[in-house]
1. To one decimal place, what Kirkwood hydrodynamic radius in Å is obtained for region 59-140 from all pairs of distinct Cα atoms?
2. Please compute the net charge surrounding Gln153, taking Lys and Arg as +1 and Asp and Glu as -1 over other residues with Cβ under 13 Å from its Cβ.
3. Cα-based Rg (one decimal) and Dmax (whole number) for the chain, in Å?
4. Kindly write out, for region 272-287 in residue order, the coupling ³J(HN,Hα) from the Karplus curve 6.51 cos²θ - 1.76 cosθ + 1.60 (θ = phi - 60°), rounded to whole Hz, with x marking Gly and Pro.
5. Report the net charge of residues surrounding Val75, where surrounding means a beta-carbon distance below 12 angstrom and charges are Lys +1, Arg +1, Asp -1, Glu -1.
6. Cross-link partners among aspartates and glutamates for Lys307, C-alpha distance below 20 Å, same-chain residues fewer than 8 apart left out?
7. Along the Cα→Cβ direction, 7 angstrom out, place labels at Arg258 and Ser69. What is the inter-label distance in nm?
8. Could you bin all the Cα-Cα distances of region 275-420 into 5 Å bins starting at 0 and give me the percent of pairs in each, rounded to whole numbers?
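Every read-out reported here was derived from the displayed coordinates using simple, explicitly stated rules and does not represent laboratory data. Here the structure is a predicted model, which is why all the values come from computation and not from measurement. So basically every Cβ, Gly included, is an ideal-geometry build from the backbone, and we count neighbours across all protein chains shown.
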Amino acid sequence: MTPAALIHHARESLRGSSLRNVYWEASILLRELSQLFQPRNAVFRRHVLNDHGRYLFSSVRPVSGEAPSRAKAAVDWLLRAQEAGGDGGVALGYFPCARENPGWRPSYPETTGYIITSLLAYSRLHRDEDIAAAAMKMVDWEIRIQMPSGAVQGGQVCPPEEQTAAAFNTGMVLDGLCSAYLHRPDPAVLQAARRAADFLVSDLDESFYFKTNGAFVSVGEIKTYTCLCAWAVYRFGKIVDEHSYMTAATQVIEAALRQQQPNGWFSSNCLNRSSAPLTHTIGYTLQGILEVGVLSGRADFVVQVRKTVDRILPLISSQGYLPGRFYADWKPAALSSCLTGSAQIAIVCYRLAQELRETKYQLAADRLVNFLKGVQLVESENPALQGALAGSFPLFGGYMRAGYPNWATKYLLDALMLQMQAEKPPAA
């Protein structure tokens with residue numbers, strides 16, 4: 001790894017931290033770098049060096065076409081992640097340089113929830129019942145570990161006595177339960193979905209913000225991105241034809257829009273650094289507002305999403321690179337890219353193109369997705385890497401450093417399916 005790359009990693013990892021945090025972050029980074037040179041990481045090390053070389057010389061080659069094969073590689077990786085979880089859920093991801101227990105992480109309830117939706121969509125597209133069956137195993141697992149309150153725990157799967165509730169995670173699992181019920185109506189799935197939806201509605205404060213953000217994010221502030229839960233609540237309301245859920249969902253979106261600034265930026269919109277939110281959480285917020293707007297016929301919600309996206313479009317490079325964080329004036333707050341966030345922004349752009357019939361959004365989405373295909377691993381000797389999308393570009397960047405979180409590949413899959421849909425010629 002070059003000195004310039006090391007300086008970059010240190011600067012981005014330590015930026016905005018207290019002296020104590022600087023020390024601990026530097027120690028963690030150094031331990032991860034030492035793990036990189038372990039013999040077991042020979043394949044990963046080659047990927048890291050190649051990745052950082054392409055970053056330093058801006059030499060990623062965007063990939064046009066290949067969406068079907070790239071989507072299949074993403075699905076295969078997600079299924080390997082499920083197998084690695086060992087319990088029906090999907091492993092949080094693969095982190096070969098982790099300080100403790102490097103490799104596959106335990107299953108992750110939150111993102112397994114919305115992976116269900118992605119795999120069921122893919123199975124419909126390809127009439128693949130084996131993939132649908134794998135998704136339904138995830139559903140069974142989610143129901144087994146659901147908390148008595150109807151909530152879903154934060155963090156990696158843990159024993160019931162150690163679980164702590166998280167509204168956002170509950171919304172993501174509710175999304176998967178809604179998709180599963182629409183795929184195959186089952187009273188047990190509907191009952192679990194209702195318990196989750198009831199928890200979410202009861203968790204709203206008087207201003208329609210969720211109160212239970214969980215133990216794994218910073219405390220003491222609104223989390224605007226939790227408005228994505230409103231999409232799942234609205235979907236559930238439509239399934240059971242109960243307007244109280246749909247009304248609550250629109251109120252959540254109205255509350256989120258109170259955090260939107262005149263220039264489209266959202267305040268209180270990050271896991272732990274709201275002065276410079278990740279494109280990941282920006283993407284969550286935009287998708288929640290857009291999809292509830294479409295379902296409810298609230299054109300004003302769609303207009304507000306457009307306002308933000310129109311500020312993001314000029315920030316996407318001609319190659320499709322998008323910085324991973326932004327300050328309130330839309331100046332980049334990170335040197336690396338959050339690849340999950342890029343995929344999410346692409347998804348929002350494809351959906352805007354569908355709803356508004358404006359090609360500029362599809363063109364922007366294609367730029368983002370073609371860049372992501374350029375950094376997706378499709379020729380790796382290591383099955384734990386093959387088909388995956390990393391947390392950051394470069395790999396030792398600021399988001400989910402040196403690893404492959406399952407949600408990055410999930411959102412890449414969603415974006416690829418939308419790209420295939422956009423490229424499909426209209427029916428005669």
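1. On the way: mean 1/r = 0.0732 Å⁻¹.
Across region 59-140, the inverse of the average 1/r is 13.7 Å.
2. Details: positive: Arg144; negative: Glu110, Glu142, Glu161, Glu162.
Here the count lands on -3.
3. Taking only Cα atoms of the chain, I get Rg and Dmax of 20.2, 64 Å.
4. Result, rounded to whole Hz: 8, 8, 6, 6, 8, x, 5, 4, 4, 6, 4, x, 4, 4, 5, 5.
5. On the way: positive: Arg70, Lys72, Arg80, Lys410; negative: Asp76, Asp128, Asp130, Asp414.
Taking every other residue near Val75 into account, the sum is 0.
6. Reachable aspartates and glutamates: Glu254, Glu291, Asp329, Glu355, Glu358, Asp366.
7. Going from the Arg258 label point to the Ser69 one covers 5.2 nm.
8. All Cα pairs, binned at 5 Å, distribute as 2, 11, 20, 24, 20, 13, 7, 3, 1, 0 percent.
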